[in-house]
Amino acid sequence: TYDTRPPNMHESDTEYLFDEGHEFNYRGGAAPFQAGPRIINVGIKGPKSERALWKRAWRDKILPAVANHKPDLILISAGFDAHAKDDMNSGYIGLLECDYEWVTNELVKIANKYGEGRVVSVLEGGYRIQGGLVSPFARSVAAHVRALGQANFKEWSAEEAKHERDREIRLEEERLRKQQEELQRLMAEGADDPVAVPGAAPAMPMQLNEEAAGLPSAEAEGPSSPKRRRRAAASIDYVALNAQLEKEAQAKPENN
C-alpha cells in the first residue's frame, strides 16, 4: 500500500477507526511524499480472485480516507477491467457487477454526507465487450449507472462500516474454529488425510473468504447457461458392422 498520508493526521480522524490489523499499512519502497495531494494506492495480490480483499481495501482504507477529506464533489474514473471475465486483468481481482454496484453506492453515501450528493463519473475502460449488451463490460457499466441513478438518500457511516468489518472477523473466527475442530478430530481418528498432518497451520484470521465478506458467488451473480449432458456412448460391434457393410456393397451390383 502506498499512501501519501499528510503529516497532520492524528488518531481522532475517522479513518483511524479502521484497519486495526494494519493490513493496509505502507510497506517498503520509497518514502511517501508528505506534500501535495494525497494519493492512496492499494496493491491487490494475484493472480486469482481477491474480491474479499478488494472490498476490505475500499471499506477499511480508501472510503474512510475519502470521508475524512469531506469532499464537496467526488469524481470517479470508472474502469471495469478488474471483472472476472475481462481478459485484460490476467486473472487478478476477479470482480463481479455487484462489486462495482457496492462501491458506487458507498461513494454516493459519502457524497450525500459531505457534498449534497454531487458525484461525476467518467467512463475509463473495460475490454471484454463480446456479447454486446450482455457482455461483462456492459453489465458492469449498467450496475454502476444503476447505483448512481437510483434514489439513495443514505449517508456513509463509520460505525456501520466498522460493524460490518467486526461481523466478518467473527464469521472468519468461527470458520477457523470449526476447521481446527475438524483437524483435531481427524488427528484423533488417525485418518490418512493431508489436512490431518500435525503442524498444519490454519489460514490467517484476516484472510477473509468471500462468504464471510458477504459477497455473492459468481454462480449467484446471474443465470448461468445450462450445461449439456453428454449421452452415454453405446457399445459398437465392429465385426458385425463390417459384415453388414460388405453385404450391402455386394448387393449393389445385383440391384443395378
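What the table shows:
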read-out	value
Residue satisfying condition, being surrounded by 16 or more Cβ atoms within 10 Å (Cβ to Cβ), modelled with pLDDT under 90 and closer than 26 Å to residue 124 by Cα, within set 15, 50	50
Within the stretch 159-182, considering residues that are among the aliphatic types (A, V, I, L, M) and at pLDDT below 90, the one most open to solvent (accessible area, probe 1.4 Å)	169
Flag for residue 152 being assigned to a loop (DSSP other than H, G, I, E, B) and open to solvent by less than 70 Å² (accessible area, probe 1.4 Å)	yes
Matching option when the condition is among the acidic types (Asp, Glu) and touching a strand residue (DSSP E or B) at 6+ places or on another chain (Cβ under 7 Å), among 81, 99, 72	81
Hits in the stretch 168-178 (condition: more than 16 Å from residue 23 (Cα to Cα) and touching a residue at least 24 places away in the same chain (Cβ under 8 Å))	171, 173, 175, 176
Failed criterion for residue 72 (all others in (1) open to solvent by 20 Å² or more (accessible area, probe 1.4 Å); (2) not in a loop (DSSP other than H, G, I, E, B) hold)	(2)
Any hit, the stretch 246-254, residues being out of contact with any Cys (no Cβ under 6 Å at 6 or more places or on another chain) and modelled with pLDDT under 55	yes
Some residue of the stretch 114-130 being in a helix (DSSP H, G or I), over 23 Å from residue 215 (Cα atoms) and modelled with pLDDT of 95 or more	yes
Residue check for residue 102: outside any loop (DSSP other than H, G, I, E, B), open to solvent by 40 Å² or more (accessible area, probe 1.4 Å) and more than 19 Å from residue 40 (Cα to Cα)	yes
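The values are calculated or read from the model by the stated rules, or taken from the named source; none is laboratory data. Keep in mind the model is a prediction, meaning the values are calculated, not measured. Because the Cβ atoms are built from the backbone with ideal geometry, glycine has one as well, and the counts that use them run over all protein chains shown. What goes into the accessible areas is simple: the full protein's heavy atoms, side chains included, and nothing from ligands, DNA or RNA. Shrake-Rupley method; radii C 1.70, N 1.55, O 1.52, S 1.80 Å.
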